[in-house]
Amino acid sequence: MDDSSQRSPRSISTKSKVIGLIVVLGVVTAFAIWMPAYPEKRSLPTEISSVPPENSTNSEMTEVNEPEKELELPQEPVAPDQLSKEQIDAIVVGTWHSQYYGERHLIVREDQTATIYYQANMMARMFVGSHLRIEYSWRYDPEKKQVIFTITGGGPESGLDYVKKTWGDDLRQTVESICVSDMYLADLDGKTKHHWSRLTEIPEKVMAVFEK
């Protein structure tokens, strides 16, 4: 007889189970290789912030200082008691021109220094020479409403000595009215007046005299 015919039903059943198990494992392995993995589920936040994104951003920004507001300066002459010291200081800084026994050109700087370039007329030349440069420090006294110019240097020396002996080292003048284009000052005697007009710059022909 053939050996197959002599096999018992039990041995056939066991072999079938083994073959079936191999087939199942093969299918599972193929499915795992060829099918894409499912993406991980993201967990939802437990709380939702009530603060809008732009608000949270603004809270993290550092505070930025606003630029200082520009001083309002009068366009027409006004009395000094209508202005603050800061306003008058801002007006005084610049280049000015005046007539006083000749031509005077004045430069006033923010660092509290000033320079006068003086070209004397025929009468004044007998005392200070044809031209004179005077260096000053300056400040404004709001209580007395005075601009104070203190001599710090200049030349020629002979003309400078005459000015010091006649008026002293400090030249004090009362501010009667002032604006961005004009300064009206007066000596302490109240009689001698000085009108200064603003210039954009000192003419080159004037500076050429002092550069020789």
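The values are calculated or read from the model by the stated rules, or taken from the named source; none is laboratory data. Keep in mind it's a predicted model, so treat the numbers as computed, not measured. So basically every Cβ, Gly included, is an ideal-geometry build from the backbone, and we count neighbours across all protein chains shown. Just so you know, the surface numbers come from the protein's heavy atoms only, side chains and all, with ligands and any DNA or RNA stripped out. Shrake-Rupley method; radii C 1.70, N 1.55, O 1.52, S 1.80 Å.
The length gained by stretching the chain between Glu143 and Cys179 to full extension, at 0.36 nm per residue less their Cα-Cα distance, is 11.1 nm. Each peptide among 111-119, 190-198 gets the average number of other Cβ atoms lying within 10 Å of its residues, and from highest to lowest they stand as 111-119, 190-198.
At what distance in angstrom do the alpha carbon centres of region 107-134 and region 146-212 lie from each other? Measuring centre to centre over Cα atoms gives 7 Å.
Computed over protein heavy atoms with a 1.4 Å probe, the accessible surface of region 117-212 works out to 58 Å² per residue.
For Ala124, the shell of other residues with beta-carbons less than 12 Å away shows a net charge of +1, using +1 for Lys and Arg and -1 for Asp and Glu. For Ala79, the shell of other residues with beta-carbons less than 12 Å away shows a net charge of -2, using +1 for Lys and Arg and -1 for Asp and Glu. Backbone phi angles across region 156-167, fed through the Karplus curve with coefficients 6.51, -1.76 and 1.60 (θ = phi - 60°), yield HN-Hα couplings of x, 4, 4, x, 5, 4, 4, 4, 5, 5, 7, 10 Hz in residue order; Gly and Pro are listed as x. Relative to the current alpha-carbon distance between Asp169 and Glu72, full extension at 0.36 nm per residue lengthens the span by 31.6 nm. Taking amide H atoms as placed 1.01 Å from N in the peptide plane, the amide H of Gly102 lies under 5 Å from those of Asn121, each 5 or more residues away in sequence or on another chain. Between His194 and Met123, the simple spin-label model (points 7 angstrom out along Cα→Cβ) gives 1.7 nm. Contact order, relative form, for region 127-212: 21 percent (alpha carbon pairs under 8 Å, 6 or more residues apart, mean separation divided by residue count).
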